[in-house]
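Before any comments, here is the structure.
Readers should treat all values here as calculations from the given coordinates under stated rules, not as data from a laboratory. For clarity, every value in this text was computed on a predicted model and none was experimentally measured. A quick note on method: Cβ atoms are made from the backbone with ideal geometry, for glycine too, and the neighbour counts reach across all protein chains shown.
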Amino acid sequence: MSAGVRTVAVIGAGKIGELMLSGLLRSGWPVDRLLATARRPARAEELTARYGVRVVDNLTAVDEADVLAVSVKPQDAAVLLDEIGPKVPGGKLVISLCAGLPSSFFSRRLPEGTPVVRVMTNTPALVDEAMTAISAGAHATGEHLALAEEMFKPLGSTIRVPESQQDAVTALSGSGPAYFYLLVEAMTDAGILLGLPRQVAHDLIVQTAIGSAVMLRDSGEHPVKLREAVTSPAGTTISAVRELENHGVRAALLAALEAARDRARELAAQAE
Ligand SMILES: NC(=O)c1ccc[n+]([C@@H]2O[C@H](COP(=O)([O-])OP(=O)(O)OC[C@H]3O[C@@H](n4cnc5c(N)ncnc54)[C@H](OP(=O)(O)O)[C@@H]3O)[C@@H](O)[C@H]2O)c1
């Protein structure tokens with residue numbers, strides 16, 4: 001059975017679940033092969049109005065769907081699995097989008113033999129530029145990974161990683177968009193400090209971010225090489241780079257990502 005003729009239920013369709021729904025629809029996934037669940041009736045109405053998707057209760061989703069994509073907050077996962085875990089028929093694929101939670105968290109609460117795939121995507125899925133990392137949990141075969149890839153490929157790029165790397169992935173690409181937004185915000189402020197109108201500063205830095213990202217992706221060059229090309233001897237760029245190094249930007253990033261990785265571990269411990 002090809003991916004498109006399977007029914008996917010997004011269990012807990014909040015921000016990330018909605019990204020997945022809208023991405024699947026944009027990629028041509030038939031709406032009658034999608035289900036969603038939500039806690040609040042207002043959220044259910046919103047999803048149906050926006051996407052025409054059928055919103056059902058969790059147990060109906062478990063019964064009708066072939067693939068269960070769980071996208072609740074990590075702290076809500078145990079309550080959800082207490083409800084649906086024992087009712088999941090053997091062989092249904094469970095895909096977790098929950099940050100931090102190991103696939104074993106799911107396996108312990110699902111019938112023996114249930115295949116689990118752990119996925120970490122990010123919000124640029126909204127513009128089909130997501131970075132999605134996919135890992136096999138217990139009982140997940142190559143076919144299950146391929147199916148997960150087929151579902152997430154239309155939302156951007158996908159990569160397979162061992163599950164042991166998923167907390168690092170969460171820190172790097174799951175939270176990553178926030179770091180870039182923070183940089184853009186700070187650089188826009190810097191432009192204002194230098195006397196530029198806010199909109200001009202914003203436009204300059206956003207296009208510079210896009211151009212730099214495309215070069216990083218498409219040139220195949222190491223970032224150091226690309227930076228060197230902008231850094232002439234005794235020039236303006238090296239003066240700025242000295243200040244970035246003086247203020248410990250590199251060390252701050254190392255510490256920040258370690259903190260995000262540790263927080264993913266804490267969330268998993270609290271969810272137990
Ligand atoms: N946001 C990101 O950038 C990002 C990136 C990567 C991964 N993630 C992961 O994605 C997951 C979801 O994050 P989010 O930002 O999308 O959170 P969110 O917007 O709060 O979405 C979670 C949704 O789950 C619903 N829900 C909770 N318990 C439920 C239950 N028992 N039955 C049915 N629905 C239930 C909530 O309903 P109510 O709205 O009614 O409470 C909410 O709509 C998290 O595990 C997070 O770690 C997020």
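With the contact rule set at Cα under 8 Å and sequence spacing of 6 or more, what percent relative contact order holds for the chain?
Once normalised by length, the contact order is 16 percent.
Where a ≥ b ≥ c are the square roots of the eigenvalues of the C-alpha gyration tensor, would you call the stretch 45-93 rounded, which needs a/c under 1.5, or, failing that, prolate if a/b is larger than b/c, or oblate?
oblate
Give, to the nearest whole percent, the P(r) tail of the stretch 160-267 beyond 16 angstrom, counting all Cα pairs.
Roughly 71 percent, once rounded to a whole number.
Indicate, rounded to the nearest 5 percent, the antiparallel portion of the DSSP beta bridges found entirely in the stretch 1-156.
So the antiparallel bridges amount to about 20 percent of the total.
For a Förster distance of 25 Å, can you work out the FRET efficiency between the beta-carbons of R217 and I238, rounded to the nearest 0.05?
The calculated FRET efficiency here is 0.50.
Of the DSSP beta bridges with both residues in the chain, give the percent that are antiparallel, rounding to the nearest 5.
15
Compute the normalised compactness of the stretch 88-217: alpha-carbon radius of gyration over 2.2 N^0.38 Å, N being the residue count.
Compared with the compact-globule rule of thumb, the stretch 88-217 sits at 1.35.
From a point 7 Å beyond the Cα of A252 in the direction of its Cβ, which residues of the stretch 175-192 have a backbone N at a distance under 17 Å?
Counting only backbone N, you get 176-192.
Dimensions of the stretch 30-70 along principal axes (Cα, Å, largest first)?
25, 23, 14
Among the trypsin sites (Lys or Arg not before Pro) within the stretch 44-109, which fall in a DSSP loop and have no more than 15 other Cβ atoms within 10 Å of their own Cβ?
Sparse-neighbourhood loop trypsin sites (Lys or Arg not before Pro): R108.
Counting Lys and Arg as +1 and Asp and Glu as -1, each charge on the Cβ, what is the dipole of the stretch 1-117 about the Cα centre in debye, to the nearest 20?
Computed about the Cα centre, the dipole is about 260 debye.
Angle, helix 236-246 long axis vs. longest principal axis of the chain, Cα atoms, 0 to 90°, nearest 10?
Approximately 60 degrees, to the nearest 10.
When all alpha-carbon pairs of the stretch 1-117 are counted, what percent fall beyond 17 Å?
Of all Cα-Cα pairs in the stretch 1-117, 50 percent lie more than 17 Å apart.
Could you size up the charge dipole of the chain around its Cα centre, putting +1 on the beta carbon of Lys and Arg and -1 on that of Asp and Glu, and report it in debye to the nearest 20?
That gives a dipole near 60 debye.
Shape verdict for the chain, please, from the Cα gyration tensor: rounded (a/c under 1.5), prolate (a/b greater than b/c) or oblate.
It is prolate, given that a/c is not under 1.5 and a/b is the larger ratio.
Working from Cα positions, state the angle (0 to 90°, nearest 10) between the long axis of helix 198-218 and the longest principal axis of the chain.
Compared with the principal axis, the helix lies near 70 degrees.
Between the helical axis of 249-271 and the dominant principal axis of the chain, each derived from Cα atoms, what acute angle in degrees is found, rounded to the nearest 10?
20
What aspartates and glutamates does K87 reach when the alpha-carbon gap must be under 15 Å and sequence neighbours fewer than 8 apart in one chain are set aside?
By straight Cα distance, K87 reaches D57, D63, E64, D66, E112.
State, as an integer percentage, the relative contact order of the stretch 1-160 based on alpha-carbon contacts under 8 Å between residues 6 or more apart.
21
So if each residue of separation counts as 0.36 nm, and I subtract the Cα-Cα distance between E228 and A49, what length gain in nm does that give?
Going from the current span to full extension adds 59.4 nm.
How high is the relative contact order of the stretch 130-272, given as a whole-number percent (alpha carbon pairs under 8 Å, six or more residues apart)?
Relative contact order here is 23 percent.
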